[in-house]
Each structure stands twice: as structure tokens, then as C-alpha cells.
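Structure record follows, encoded as C-alpha cells.
The values are calculated or read from the model by the stated rules, or taken from the named source; none is laboratory data. These figures come from a predicted structure and were not determined experimentally. Please note: Cβ atoms are built from the backbone with ideal geometry, for glycine as well, and neighbour counts cover all protein chains shown.
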Amino acid sequence: MSPTTDRPARATEARWYPPAPMSVRMKAARVNAVGSAALLMALSLQGCRHVREPGQTDGGPDAWTAAQHTRRTLVLRLSPQGAVAFDNTLVGPIARAPENRFLFPALAAAIRALPKKPGETLAARVEVAPESDYDDLALLLYTAGQAGVSRFEVRLLGDARVGAAPGDAGAETLVTVSSSDGCVRDTIDPRITLTLVSGKTQRWITGHASFIDHQTHVPGCGTGPRPADAGARAGIDCEVAFKTDGPARNACLDGRKSTTPMKTLELGGPAGCLVPPIPLSDSVAAWTAPLTAALASLGLEGRQVEVVADLKERNENVVAIARALEGRVSVEFAIPKEGRPAPTDPPRCEDTVRTHADLRLGAARWLGTQKPAAP
């Protein structure tokens with residue numbers, strides 16, 4: 001993962017740096033107030049565009065000011081029949097590029113052909129039929145992002161509900177420790193993923209945390225070069241790093257005994273699972289209360305949360321999950337990795353990570369499994 005995608009989004013604009021065409025990550029800066037859990041999506045392409053801050057110059061004679069910055073909003077609509085309209089002009093039925101199934105070439109060409117004024121950026125309001133697949137929404141967002149759209153609102157067709165205020169992606173760091181030589185400081189934060197799963201008769205949400213290690217080198221400390229990654233420096237000494245925190249120290253030492261790095265941590269929440277499984281016929285809106293309680297118990301409010309759904313999941317269910325999260329967290333959408341089998345059985349509600357303290361111990365254990373032993 002790139003350092004940019006791991007940092008919390010700025011309040012004014014988020015950015016999207018897709019790591020690979022088949023591993024698309026659609027980052028929502030905030031769940032905001034237009035339509036059914038309207039998702040303010042802000043995307044830009046790695047290496048293609050540098051976004052200057054108001055008043056900042058590139059060394060040339062013209063200063064780019066807030067007054068010169070304008071945003072033009074486009075409207076993309078996906079009908080129940082799968083037809084795509086762009087600013088009330090029919091583009092046609094979805095046609096996927098052979099080399100990238102998330103690219104709709106005709107739509108990309110139509111957006112790129114738009115005349116743009118100096119300093120103008122493109123936004124889009126994307127309206128999708130409730131019964132449409134998440135696969136098609138992913139295609140629209142990816143294609144528009146490739147064509148230069150940098151900000152999105154996503155809503156269901158015909159739904160003008162006003163959402164809650166956005167969550168602030170500014171939660172405090174989960175764990176902060178220093179290397180045994182004191183020259184490198186690690187701050188550990190969780191990346192939270194919620195997966196919407198539809199089995200044969202029931203639907204449920206699973207949750208897991210992976211951990212992100214931000215490293216900073218103390219200026220003037222040590223004689224060697226600044227390390228490029230976690231494996232290029234002295235390891236964490238659990239006894240030193242968690243000297244005043246016995247439970248975290250023990251978790252770190254327990255991780256030290258592992259022969260394989262820990263990848264993810266399953267999340268339970270107060271009930272041992274994030275939400276109770278429900279019949280496929282029930283509305284996912286019933287999950288709002290338990291999902292809110294789980295977020296609060298795990299201390300995840302104000303963080304970025306990634307929502308993953310099967311590509312054939314109905315968009316009304318995906319948007320309903322975002323509605324349950326709105327005003328509490330920043331939402332990302334991601335396409336599930338290919339080849340990963342979906343769970344077939346609902347959770348047993350036995351996961352032991354139920355509180356913020358449990359999550360912090362999990363981060364300490366993860367740290368113990370990741371770092372080479374201190375010399």
C-alpha cells in the first residue's frame with residue numbers, strides 16, 4: 001500500500017490511488033448529505049495530476065486561488081435495464097473493455113471530450129437503480145475516475161433523502177512505540193474492512209482489521225541511512241516498547257513466538273459478531289443499531305472503514321450499509337479480491353475482539369509478529 005492511501009483523508013478532498021486495475025479501491029472522503037447515504041467520493045489518478053492548495057504556485061507567474069477554483073458537477077445515471085446516461089444523454093448499455101472489466105470506454109471518452117475551463121475540476125452525481133449490481137457501480141466510479149472526475153456523490157435513483165453530517169477521519173493513533181535504538185518511531189493504525197456476505201439463506205457482515213505501520217526516523221539519531229521499510233531496521237523490543245503497559249507487552253511477546261506474520265484480526269464487537277445474521281428477505285436497515293454499537297465499542301468512530309461487497313450484491317444493500325455508517329466514519333469501497341472464496345456459513349458470534357482495548361492488544365500482537373527480534 002502506498003503511504004498516501006494509508007493516511008487519513010484531508011477534510012477538503014480525498015484522493016484515490018488504485019494499486020492495480022483489478023484491485024480497485026474507491027475511497028469516499030465522507031458520507032455526506034445528498035440522497036440515500038450519499039457518498040462523497042474523491043478520486044485522482046496516481047502520477048496524473050498534482051492538486052495544488054489554494055494560494056500555492058508551481059513556480060510560475062499565476063497563483064492558483066480559491067476564487068479561481070471551480071467545480072463542475074456531472075450526472076451519471078444507471079437504469080434498471082443497465083443503460084447509462086451522462087448529463088441526460090444516453091451513452092448506451094454498459095460495455096466493458098477487454099483489458100479491464102471495470103472500464104467503460106464510451107463513457108470515459110464522453111467525459112474526456114468535455115471542454116474544461118482553467119482551474120475547473122469535475123465532480124459527478126452517480127444515481128443507480130436499487131436492483132442494480134455493485135459490479136456496475138464499481139465500473140461507473142472507476143471509469144469516471146480514469147476520465148478525470150475527482151469527486152462523487154452516490155445515491156439510489158429516486159431517493160432524495162438528506163444524510164447525516166460526515167464523520168471526521170481524525171481518530172487518534174492506536175499504538176505508538178519506538179525501536180530499541182530510539183531512532184525509529186512506529187505509529188500503528190488499523191485499516192477496518194466490513195464485508196457484506198449473502199449466503200444461501202442468510203446475510204451477514206464480517207469485520208476484520210489489518211494494521212498499518214507509519215514510521216518516522218528521529219532526525220540526527222543513528223549513523224546509518226533512513227530505513228526504507230520495516231525489515232530494514234532494528235526490530236521492536238517488546239519489553240522496551242511497552243515498558244509501562246503489561247497487557248500490551250505480553251501481547252507483543254506472544255506475537256514474537258509466532259512463526260508467521262499476523263495478517264488480520266477478526267472483529268466481534270459487544271456481541272462477538274458485528275451484526276446478527278438475518279434472512280435474505282429481511283432489510284439490512286435492521287443492522288443500523290448493532291453496527292453503531294459495535295463501532296463505538298471498538299473505538300472506530302472517526303476512522304476510515306472499507307466496505308466490501310460481492311460484485312453481484314444489490315446496490316440498495318450496499319448503500320444501506322453506508323447509511324448505517326454515515327456521520328460516524330469515513331467510508332471506502334473496494335472490489336473483492338479475485339479468487340477469494342466467500343464464506344458459506346454465518347458467523348458463530350464468538351470473536352474475542354469486542355472492545356477498543358482488545359483491538360489495541362491485537363495491534364501489539366501484530367507488531368510482535370511483524371518485526372525482527374531486536375539485537
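Could you give me the residue pairs with C-beta distances under 7 Å whose first residue belongs to region 110-129 and is at pLDDT 90 or above, whose second residue is aliphatic (A, V, I, L, M) and in a loop (DSSP other than H, G, I, E, B) wherever it lies, and which are 6+ apart or on separate chains?
From region 110-129, the pairs are I111/A147; R112/A147; E127/L157; V128/L157; A129/L157.
Where residues in region 321-351 are among the basic types (K, R) and surrounded by 11 or more Cβ atoms within 10 Å (Cβ to Cβ), which of them is modelled with the highest pLDDT? Step through it out loud before you land on a result.
Initially, region 321-351 is screened for residues among the basic types (K, R), giving 323, 328, 337, 340, 348.
If we keep only those that are surrounded by 11 or more Cβ atoms within 10 Å (Cβ to Cβ) too, we end up with 323, 328.
Values: R323: 82, R328: 88.
Among those residues, the one meeting the criterion is R328.
Answer yes or no: is there a residue in region 276-294 that is more than 29 Å from S132 (Cβ to Cβ), of a type outside the set (S, T, N, Q) and in the same structural domain as I335 (by TED's automatic domain parsing).
Yes; the residues of region 276-294 include at least one that is more than 29 Å from S132 (Cβ to Cβ), of a type outside the set (S, T, N, Q) and in the same structural domain as I335 (by TED's automatic domain parsing).
What's the total number of residues in region 85-131 that are basic (K, R) and in a loop (DSSP other than H, G, I, E, B)?
The number of residues fulfilling the criteria is 4.
Would you be able to tell me the number of residues in region 119-133 that are of a type outside the set (A, V, I, L, M, F, W, C) and within 15 Å of F104 (Cβ to Cβ)?
Count: 2.
Scan T244, T216, T223, T259 and give me the residue that is within 27 Å of the chain's Cα centre (by Cα), at pLDDT below 90 and farther than 23 Å from L298 by Cβ.
T216
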